[in-house]
């Protein structure tokens, strides 16, 4: 009996060299590939076999996508679904998996690098500096999707930790206003646009300049903001490698 299965694969924010080995293996062996063409560069889809069927999903709704998926899987083909970044973060995979489960189709999720990781790495930034912040929050502005009250931006900002905002460029005026209620105006923000694409870029600005900068650059999508007291020069260091600090694998003599 042929196992019916679909792979959800995180392909990162754009750079093919950031694919996991497992993701690359599945892409190269797939017969049918569904990909979010508005968010994934063609250089990633070009890694697939030439004769693989490549189905763009930016103009399709959930029913259309899953209907074609089920059809191809029932034909005995190896089918994969590519998601930008990591599928478990704003990937909308839950509803797809629910439909596939009803059709007795197994699923597997292969994680991918997220934009916040690449954006921070481009500035050699550690987002968890001892004595500054040990917490990273991944969230978004409410927008049309809305947010649970306990996860409102004002509530999250109270922690003054490293805050990574996805899908928020269209609401930047309100975002800046709410963040300034808790973060100092000079708090550094890394702005990343189409991070790791050929035309992508990042920039460090002050929180007080978020709205003006975003408007000037016409940022409305594929943008991430990292707001953090950890960005910049700090003299606080971890105890982990301190000569006077002992632990299970290194005893202090």
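Just so you know, all these numbers are worked out from the coordinates, no wet-lab data involved. Worth saying up front: this structure is predicted, and the values here are computed from it rather than measured. Positions of Cβ are generated from backbone atoms using ideal geometry, with glycine treated the same way; all protein chains shown enter the neighbour counts.
Order these by the 10 Å Cβ neighbour count, fewest first: 35, 201.
201, 35
Taking 8 Å as the Cα distance limit and 6 or more residues as the minimum spacing, I'd like the relative contact order of the stretch 1-140 as a percentage. Don't skip to the end; give the middle numbers.
On the way: 221 pairs, mean separation 50.6, N = 140.
Across the stretch 1-140, relative contact order equals 36 percent.
With Rg/Rh (Cα atoms, Kirkwood Rh) defined as stated, name the option among (1) 0.94; (2) 1.04; (3) 1.14 computed from the structure displayed.
(2)
Please report how far the C-alpha centroid of the stretch 40-81 lies from that of the stretch 200-228, rounded to the nearest whole angstrom.
Here the two parts' Cα centres lie 33 Å apart.
Once both labels are modelled 7 Å past Cα along the beta-carbon direction, what's the residue 64-residue 155 spacing in nm?
3.6
Can you list the residues of the stretch 204-221 with backbone N under 11 Å from a point 7 Å past the Cα of residue 180, pointing along Cα to Cβ?
Taking a point 7 Å out along Cα→Cβ of residue 180, the residues of the stretch 204-221 whose backbone N falls under 11 Å are 207-212.
Ranked highest first by average number of other Cβ atoms within 10 Å, how do 177-183, 212-218 line up? Each step should come with its number before you reach the end.
On the way: 177-183: 16.9, 212-218: 13.9.
Ranked by mean Cβ neighbours within 10 Å, highest first: 177-183, 212-218.
Under the 0.36 nm per residue contour assumption, what length would be gained going from the current alpha-carbon distance of residue 215 and residue 47 to full extension? Each step should come with its number before you reach the end.
On the way: separation 168, 0.36 × 168 = 60.48 nm, distance 3.56 nm.
Gain on extension, residue 215 to residue 47, equals 56.9 nm.
Counting other beta carbons within 10 Å of each residue's own, what order do 122, 210 fall into, fewest first?
122, 210
Add -39500 (n - 2.57) for each DSSP H run of 4 or more in the chain, then divide by its residues: what number comes out at 222 nm, to the nearest 500 deg cm²/dmol? Provide the component values of the computation, followed by the final result.
Working: 8 runs with 63 residues, N = 253.
After summing the helix terms and dividing by residue count, I get -6500 deg cm²/dmol.
Per 0.36 nm of contour for each residue apart, how much would the distance between residue 137 and residue 31 grow if the chain were fully extended, relative to their Cα-Cα spacing?
On the way: separation 106, 0.36 × 106 = 38.16 nm, distance 3.73 nm.
Roughly 34.4 nm would be gained on extension.
Among rounded, prolate and oblate, which fits the stretch 115-227 when a ≥ b ≥ c are the square roots of the eigenvalues of its C-alpha gyration tensor, a/c under 1.5 means rounded, and a/b larger than b/c means prolate? Show your work: numbers first, answer last.
On the way: a/c = 1.44, a/b = 1.09, b/c = 1.32.
Verdict is rounded for the stretch 115-227.
DSSP beta bridges in the chain, what fraction antiparallel, as a percent rounded to 5? Provide the component values of the computation, followed by the final result.
On the way: 16 of 39 bridges.
Among the beta bridges of the chain, antiparallel pairing accounts for roughly 40 percent.
Would you order 83, 171, 159 from fewest to most other beta-carbon atoms within 10 Å of each residue's own beta-carbon?
159, 171, 83
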